[in-house]
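K.L.:
Before I ask anything, let me first share the structure, which is written out below as C-alpha cells.
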Amino acid sequence: MDSIGINTQMAVGQVQSANNVQKAEKVALKDYPDDSFEFTTKENEGSLTKAEKQETVKQAKTTAAGWSSLFGVFDTLYYGLRSDKTVAKKFNLDETKDKDLIKTIKREQMKATLPAALGTMLFGVGTLLTGGLTWLYNKNSDPSKIDV
C-alpha cells in the first residue's frame, strides 16, 4: 500500500485530492489500459436523414401549436418573425447548410399557430379550444407525411 507524506501545512482537501488522483491513476492503468475516447463536433456530423428532418418538423409544429393555444396571435407573430439564426440554434442546425429545413420549420410553425390566432380573432376566447385541437392533431400526426 502506498503512503502519502502529509505536510502539516497541507489542507485536508489537498490530501484528499492527492489520494483521489492516485486512485484514478491506478484504476486507469490497471483495469483499462487500452481504452480511448473520441470527441465529435457539429462540423463532423453528416446531414440529417429524411426521417430525422420530418421528426424535427413535427416536433416544431407540435410545440408551436401548444404554445399558440395560450397566446394566440402573439405566437403567430413570434414564430413568423423569428430569425433563421434563432431557429438553427433552437434545433441544433447549421444555419447555411440546413437553410431549406429552417425555412420549412418556420413555415410549418406559422401554419400550426394560425388556427389559434383565428380563434382569438373570431371567437375571442377560442384560442384555447382551437390551439388545443391543433396541438392534438399535430401530436398524433404521422411525420412521414411531412414534405421536407
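K.L.:
Ranked highest first by the average count of other Cβ atoms within 10 Å around their residues, in what order do 113-120, 59-66, 128-135, 92-99 fall?
P.N.:
113-120, 59-66, 128-135, 92-99
K.L.:
Hey, for a label at LEU133 modelled as a point 7 Å past Cα toward Cβ, could you say which residues of segment 63-80 have their backbone N under 19 Å away?
P.N.:
It comes to 63-73, 76, nothing else.
K.L.:
Could you check how much of the accessible area of segment 105-148 is carbon and sulfur, as a whole percent, using a 1.4 Å probe?
P.N.:
68 percent
K.L.:
Okay, next question. Fully extended, how many nm does the chain gain between LYS145 and LEU122 (0.36 nm per residue separation, minus their Cα-Cα distance)?
P.N.:
5.3 nm
K.L.:
Between beta-carbons, use under 13 Å as the cut-off and find the net charge around MET110, counting Lys and Arg +1, Asp and Glu -1.
P.N.:
That works out to +4.
The values are calculated or read from the model by the stated rules, or taken from the named source; none is laboratory data. Here the structure is a predicted model, which is why all the values come from computation and not from measurement. Note that we place each Cβ from the backbone using ideal geometry, even for glycine, and neighbour counts take in every protein chain shown. In case anyone asks, the SASA skips ligands and DNA or RNA and just uses the protein heavy atoms, side chains included. Shrake-Rupley method; radii C 1.70, N 1.55, O 1.52, S 1.80 Å.
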